[in-house]
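Heads up, the thing below is written out as structure tokens.
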Amino acid sequence: MAGEAARLLVRFGRRYAAAVRLATLVPICAIALFRAPPEHLASTASVVAVAAAWTCGYVWWLRAGQGTGPVALDVAVLLGLFASVFWTDAVEDRNTGWLRLLVVFACVTCQWHTSPLAGGVAALVAGGGPVALLAAAGAAEVDGSLIRGQVWALPAAALSRAAWVLVHHAAERADRMAAEAARARGESLVAAAVRAEERELVNSLHDTAATTLLMVGIGQVRSEADWLAPQARRDLDRLRSDSGRAPRHADLAGLLRDDLDATHLSVEFDAPSRLVLPFDVARAIADAAGEALTNVRRHAGTTRATVRLRGDARALWLDIADQGKGFSPAEVPDTRRGLRESVRGRMGRIGGTATITSAEGKGTVVRLEWRAGDE
């Protein structure tokens with residue numbers, strides 16, 4: 001099936017052929033009338049009128065019609081017009097040049113909207129037919145230059161077809177390149193989606209089960225702690241929910257409130273009763289906030305924190321603050337996933353930002369900001 005470039009080229013070929021036939025009609029008709037002697041002006045004008053009417057009708061078909069049927073009719077009309085040279089005495093008056101031009105332009109433009117076989121047959125009949133008609137007039141009446149001039153219609157049609165074939169091949173090559181580029185873009189999008197899903201899975205593992213197991217492994221939490229089993233169940237439920245179909249919207253305030261139980265901190269929570277956002281946005285902000293609170297529990301040396309949410313569905317900010325021992329954000333190595341991926345990375349993927357303000361002995365404030373339309 002032809003691609004977009006090839007289809008556009010076919011349409012362009014028909015319209016350009018129509019434009020050339022119409023643009024050359026006026027000077028061709030003018031040549032016929034100016035070269036006709038007074039005694040043959042009326043008959044020549046009649047033939048010119050038929051040629052003009054037919055050309056206009058054929059141009060209309062080129063712009064609006066389909067198929068190749070009118071091409072055969074065009075050839076027949078051109079042969080009929082050329083046969084009028086015996087009625088108008090155009091051969092004796094040497095006034096056949098305008099008819100030769102009419103035939104040549106028809107043979108040339110025909111190659112732009114027909115198949116090679118149809119175009120070749122049309123050019124052969126339209127170009128060779130007048131030669132036969134002139135030859136039928138007899139050598140005594142016909143100048144050989146008239147025949148030689150008419151024969152040039154065939155090489156002109158051949159050159160036109162060759163040029164059209166080259167252009168059509170270029171259009172097909174452009175279509176193949178466009179299809180290849182579209183396929184590559186599709187593969188790239190699929191690969192990016194797979195990487196994004198893998199990244200979110202790794203982040204979820206880091207924020208849930210991996211963190212819980214690490215805290216047990218390094219002795220931050222006793223294995224017999226009464227909250228450990230419920231926390232492990234919550235981690236597994238969270239990982240299962242991440243693999244399911246997500247709803248369209250979620251209540252950010254509700255997500256934050258539900259996640260507070262897993263922090264094992266004393267949290268002062270200040271937020272609207274509801275703040276409904278697109279699910280991906282709400283989940284990313286809640287997860288980033290959860291990781292910030294996990295860092296408070298693991299590194300801040302305090303059991304108290306403040307979570308404050310302000311804004312609406314168009315713009316919001318969320319602060320997670322503590323009065324712990326603080327740290328220098330510039331000294332956090334790039335290999336640490338917590339701030340780089342689970343906080344900044346998540347906010348960046350939804351078009352938001354994460355700003356960490358901290359200093360030794362002065363606590364830490366993590367501000368998450370998001371605006372609708374920034375995704």
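Across the range 299-311, computed HN-Hα scalar couplings (Karplus, 6.51 cos²θ - 1.76 cosθ + 1.60, θ = phi - 60°) run 10, 7, x, 9, 10, 10, 8, 10, 10, 10, 10, 9, x Hz from first to last residue, x flagging Gly and Pro. The slack between Q323 and A76, meaning 0.36 nm per residue of separation minus the straight C-alpha distance, is 79.2 nm. A 1.4 Å probe, protein heavy atoms only, puts the accessible area of T306 near 30 Å². Here the convex hull built on the C-alpha positions of the range 261-303 has a volume of 76 cubic angstrom per residue.
Multiplying each eigenvalue of the alpha-carbon gyration tensor of the range 257-338 by 5 and taking the square root yields semi-axes of 23, 16, 12 Å, largest first, rounded to whole angstroms. If you take the alpha carbon atoms of the range 1-77 and fit the smallest convex hull around them, that volume is 83 Å³ per residue. When the accessible area of the range 294-375 is split by element with a 1.4 Å probe, what percent falls to carbon and sulfur? Of the solvent-accessible surface of the range 294-375, carbon and sulfur hold 46 percent. Could you check how much of the accessible area of the range 1-96 is carbon and sulfur, as a whole percent, using a 1.4 Å probe? Taking all protein chains in place, the range 1-96 shows 69 percent carbon and sulfur surface.
What do you get for GluC sites (Glu not before Pro) in the range 1-93 restricted to DSSP loop and a cutoff of at most 15 other Cβ within 10 Å of the site's Cβ?
Working: sites: E4, E39, E92; in loops: E92.
Passing both the DSSP loop test and the Cβ count: E92.
Going by accessible surface with a 1.4 Å probe and the largest first, F12, F279, F34 read F34, F12, F279. Rounded to the nearest Hz, the phi-derived 3J(HN,Hα) couplings of the range 164-179 under the Karplus curve 6.51 cos²θ - 1.76 cosθ + 1.60 (θ = phi - 60°) are 5, 4, 4, 5, 5, 4, 5, 5, 5, 5, 5, 5, 5, 5, 5, 5, where x marks glycine and proline.
Remark on A90: its backbone amide H falls under 5 Å from none of the residues 5 or more positions apart or on other chains, H modelled at 1.01 Å from N.
Here the ratio of the Cα radius of gyration of the range 78-130 to 2.2 N^0.38 Å is 1.23.
The values are calculated or read from the model by the stated rules, or taken from the named source; none is laboratory data. Note that the coordinates shown come from a computational prediction; the quantities given were computed from them, not determined experimentally. Heads up, the Cβs are rebuilt from the backbone with ideal geometry, glycines too, and the neighbour counts pull from every protein chain shown. Accessible surface is based on the protein model in full, side chains and every heavy atom, while ligands, DNA and RNA are left aside. Shrake-Rupley method; radii C 1.70, N 1.55, O 1.52, S 1.80 Å.
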